[in-house]
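Contents: one structure, followed by commentary.
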Amino acid sequence: MAVLGEERHQAGARQRLVLDDDDAQSARQYAPLGWPFDRPGLLLVTGGGGAVVNNLFMGAARREDATSRLLKGRWSGGASVGYFRSTSDLDSRVFEVADLFQDAALGAGDWNQALAGLAYVAGGFCGELIGLGEAAAVPFNWMSGLPAEAATEFMAAGGGDPRINSRVRAGLRAAELEILDESAFTTEEDARRHPAYGDWLERYDIGDVCLTPLLRRDDMLIGLAFARSGRQGPVASREKRIFAALAPYARSAVRVQMAMEAEGRGLLSNLLDALSVHAVLCDADGRVKAMSPPAEALVANGGHLRVKGGRLQAARPADAIALQSALADAAGAGQALATPARPIVLRDATGGAPLLLEVTHVPGRRVQQFGAAVLVVARPCGQSTTPIGERAQALLGLTHAETAVAAQMAAGAGPQAIAERTGVSTGTVRTHIRNLFAKAGVRSQVELLARFADLR
C-alpha cells in the first residue's frame, strides 16, 4: 500500500488516503491541497471504510469522473475530504489561494476556505486569522483545520494574552508583514509556565507556527498565521517564502473587507440618526461604532449607561457583568436573523427608574466580520417590546418556571387554568405564585397584576 499525504479531520486524528499499489505510481503526480477548486482535479468525500459518499464543489460534468478515478482510494479513520491536482506550478497555486482571499473579502467565498488553502500550500494543517485587542481581548479568531471549540478553549487558556503566549507578544511588537517563526518565540517555556495553554497546544497538536501582523487599526491588530503539527516538523525556508508571498494578498483582502464594513456601519449609523430610539451599535467588547441622538443624550445623563475609553459600560458596577455577558452572547449568536434580543435590566445609579436593554446580533457581512456587530436598544420598561414574562424575569430575578406562571397570570389565567396548561399540580403553581409575591414585593394577586401592568 502507498500513503499519499495527510488531512487533519479533527483534533488528535489524522486521515490518510491509501491507494492500492497499482494506483500508487500514477497518484504521485498529485498532492493534497485540502480545499475545493472548480477546475480539473480530484475531489472525494468518503465515509469510513472507503465508501464514496458524495463529490462536493465539483461541476456536475466532473463528478462521475472524479469518483471513478479514486474509487480504489480510501480514507482511513473516518469521513474526510480530499482534493488532488498537479503540483507542477507553485506560482499558480499561490495565485489560486490569493483569489480565495479576495473572494472571501467580497462575499463570494469563505475566509475559512482561504485559510485552509494557505495552510496546505505553505505545508501546514491550520491557517489562522486573528484580531488582537486591548487587555488580551480577541474580537475574532478563525482557525481552519480545527474544531469550532478550539477558539473558545484558546481564549480560556489565555492564548490571547501576551503575558502567556509569546507568539502574541512577538506579533504585537513586529512590523506589518514582518515574518516571524519559532526562533522569535519561547513556546516551550510558555507551555511549562502556563499549563492550561500548554495543554491546549498538546491537545490540538500545534507545533511550529509562522505568523505576521497584517494590519494595525485603532486598538486592534489583525494577524495571519499557519501552524504545522508536531509530526510535520519545523517550518522550512521554502514554506516561509510561500507564506510571505501570500501575506500581502491576505492583507489586501482584509482591507477590502474592513472598508465594506465601514460603509455598512455608516449606512446603519445614518439610519439610527433618523430614528427616535435609544440605540447603540458596538462590538463584542462594547466599542461604540454608532449611536443615535437619543442614546447620546441617555449616555450623557450617565444614570444607567456611560461611554468610557470608547466602550459602552453600565453606570453601576453591579450591572457591568450582565451587560458584558449580553454583548458577548449577542456577538456570538451568528448571522441568524431570528436570534431573539436578550433583555437585561440596568438600575439607575441615583435610584431612579430601571432601564431595559435589548441586546441583539446585527446580521450581515456588510456590517460585521472583523468583530461582530451588536445592537443595544434601551427602553423605559413601559415601552419595551420584549414579552412581559421575560421583562418580569429580568426585573425580578424569576426562575424559568416562575416566568412561565407570570406570563400566564398576566394574560388573565388563574392557578387552576395554569396547572392544566402546564401539566403540574395546582399546589406547585400556588408555590410559584407565592414566590412571585415575595420577589415583586406584593401581597396579593391583584397587586401582582398591577405590577405587571407597570411593565407593559
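Here are some notes:
- Fewest-first ranking of E153, E189, using other Cβ atoms within 10 Å as the exposure measure: E189, E153
- Using θ = phi - 60° and Karplus 6.51 cos²θ - 1.76 cosθ + 1.60, couplings along the range 148-157 (whole Hz; Gly, Pro as x): 4, 6, 4, 5, 5, 5, 4, 5, 4, 7
- 3J(HN,Hα) from dihedral phi, the range 110-123, Karplus parametrisation 6.51/-1.76/1.60, rounded to Hz, x for glycine, proline: 10, 4, 5, 5, 5, 5, 5, x, 4, 4, 6, 5, 7, x
- Once backbone amide H atoms are built at 1.01 Å from N, H278 has A378 as its partners under 5 Å, excluding neighbours fewer than 5 places away on the same chain.
- Sorted by Cβ density within 10 Å, fewest first, the residues L305, L323: L323, L305
- Measuring r between the beta carbons of H400 and N301 and using R0 = 25 Å, the FRET efficiency lands at 0.15.
- Long-range HN-HN contacts of M220 with modeled amide H, under 5 Å: none
- Fewest neighbouring Cβ atoms within 10 Å first, the residues T152, T431 line up as T152, T431.
Read the figures in this text as sums done on the coordinates, not as results from a lab. Here the structure is a predicted model, which means the values were calculated and not measured. Here the Cβ is made from the backbone with ideal geometry for all residues, glycine too, and neighbour counts use every protein chain on show.
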